[in-house]
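Encoded as structure tokens, the structure appears first; notes follow it.
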Amino acid sequence: MTETPAKREGIPLGSFFGVPVSLAWSWFLIAAFIVVVFGPQVDRAIPGLGYGAYVVAFAYAVLLALSVLVHELAHAVTAKGFGWPGARIVLNLWGGHTQFSSFNATPGRSLAVAMAGPAANFVIAGVGYVLLHLVNPTGVTFLLWDILVWANLLVALFNILPGLPLDGGRLVESAVWKATGSQDRGTVAAGWAGRVLVVLIVGYFVISPLTRNEPLDFQVLLVAILIGGFMWTGASQIIAHAKLRLRLPLVSVRALMEPATALAVDSTLADVSARIASRGGRVILIDQAGTPQGVIDEFTLGQVDPGLLAGSPALSAARALSPGAVVSDTADGRALIGYLATLEGSEYAVIDEQNRIIGLLDQANIVAAITGKPQQPHAH
């Protein structure tokens, strides 16, 4: 599964094929779970091992991690073949994921990178199955070998299920992407497919035993719920992020700004009152270099005693603007969001091509445009 970049976490394991790999601390939780659950099963399968049964169970956890590493390396190496930079792998509680600093994807390339992981597991399972019957090992070797073959087969089959965050979700995403021309619409569709899979998977382990009048296997049900919870959370986050990206074209300075005009920073509140009365909108105070210093709106002006307007400097009632809080009226979309992230404050003076102040952009309006949720009006 491919995701966005994250901070380095856990224990660095080195680099494979030029791809840095680290082991997240959360992996030890799943390793402990495997030891606790499979240790007694190993002891029953091979009596006499004693505590060695738990060592064998831990060895299985390590072999499973290595299988996941091969799965993720298949993603990363395929992506490197397409020129996607910055690949790194993290092995964690849920197996692992491959991250990229950036990439230039197409429906076909995205699908190829996603399917490379399950394909690697199919290869391990197939080769392992053939060698298992050629070598015919016994005891602990047979047990670990056999369970590794089955684990890789199940991991491959599970990952090709058509719903995000599983690799098979890229099949749905790519199909919708190809049909609509929008990767984000494909991502939303694949995320919903992932949610449907969660309902079907958990429902199967609950409904199937009941229809056969059999007791629920709570250990299996617990695993199904944990996996379902991971999938549901992942799908929900993916859907939310894709919906935000779909709304980015709505983020336009011209569409979101409030009208504003400029006055010299040494003006009085009476000057501001006259400007608002004649032109409306906000007033942005600028210094001699034309740099915005503060902003005054009609609400703020209304809090001042009218008798004090003529003798009070405008800056005394202005809200300060952060240094450099200036944005072009032509900015929009992802570039605008990226630029605003480098600025301090929540209000920005808007300038036109002639560097004239024509408006004021409020961060609350940007958030409303991105999320689709109106922000509570606030008095400055």
Let me cross-check residue 122: its accessible surface, 1.4 Å probe, with only protein heavy atoms counted, in Å² to the nearest 10?
80 Å²
How would you classify region 64-118 from its alpha-carbon gyration tensor, with a ≥ b ≥ c the square roots of the eigenvalues: rounded for a/c under 1.5, else prolate if a/b is greater than b/c, otherwise oblate?
prolate
Grab the Cα-Cα distance for residue 62 and residue 353, subtract it from 0.36 nm times how many residues apart they are, and report the gain in nm with one decimal.
98.7 nm
Find, to one decimal place in angstroms, the Kirkwood hydrodynamic radius of region 47-178, where the mean of 1/r is taken over every pair of different Cα atoms and then inverted.
16.0 Å
Count charges around residue 121 for me, please; just the other residues with Cβ under 15 Å from its Cβ, Lys/Arg as +1, Asp/Glu as -1.
-2
Accessible area of the chain belonging to carbon and sulfur atoms, whole % at 1.4 Å probe:
65 percent
Beyond 28 Å, how much of the Cα-Cα pair distribution for the chain remains, as a whole percent?
61 percent
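With r as the distance between the Cβ atoms of residue 237 and residue 133 and R0 = 45 Å, compute the FRET efficiency 1/(1 + (r/R0)^6) and round to 0.05.
0.60
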Given the options 311, 290, 50, which has the most mean-square fluctuation in a GNM of the chain, springs set between C-alpha atoms less than 10 angstrom apart?
311
Roughly how many nanometres apart are two label points built 7 Å out from the Cα toward the Cβ at residue 55 and residue 230?
2.8 nm
Mind checking the dipole of region 251-380: about its Cα centre, +1 per Lys or Arg Cβ, -1 per Asp or Glu Cβ, Debye to the nearest 20?
240 debye
Suppose every K and R has +1 on its Cβ and every D and E has -1 on its Cβ; what is the size of the dipole of region 210-309 about the Cα centre, in Debye to the nearest 20?
540 debye
Take every DSSP beta bridge with both residues inside the chain and express the antiparallel ones as a percent of the total, to the nearest 5.
65 percent
Sum up the charges of everything whose Cβ sits under 13 Å from the Cβ of residue 282, counting Lys and Arg as +1 and Asp and Glu as -1, but leave residue 282 out.
-2
Among 85, 222, 350, which residue has its Cα positioned farthest towards the positive end of the charge dipole of the chain, with +1 placed on the Cβ of Lys and Arg, -1 on the Cβ of Asp and Glu, and the dipole taken about the Cα centre?
222
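I need to check one value: relative contact order of the chain, counting alpha carbon pairs closer than 8 Å and at least 6 residues apart, in percent.
Working: 628 pairs, mean separation 40.1, N = 380.
Rounded, it is 11 percent for the chain.
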About the Cα centre of the chain, what is the dipole size in debye to 20, counting +1 per Lys and Arg Cβ and -1 per Asp and Glu Cβ, all else neutral?
880 debye
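Leaving out ligands and nucleic acids, note down the accessible area per residue over the chain with a 1.4 angstrom probe, in whole Å².
Averaged over the residues of the chain, the accessible area is 52 Å².
The values are calculated or read from the model by the stated rules, or taken from the named source; none is laboratory data. Remember, predicted model here, so these are calculated numbers, not experimental data. Using ideal geometry, Cβ is built from the backbone for each residue, glycine included, and neighbour counts are taken over all protein chains shown. Just the protein is used for accessible areas: all its heavy atoms, side chains included, with ligands, DNA and RNA removed. Shrake-Rupley method; radii C 1.70, N 1.55, O 1.52, S 1.80 Å.
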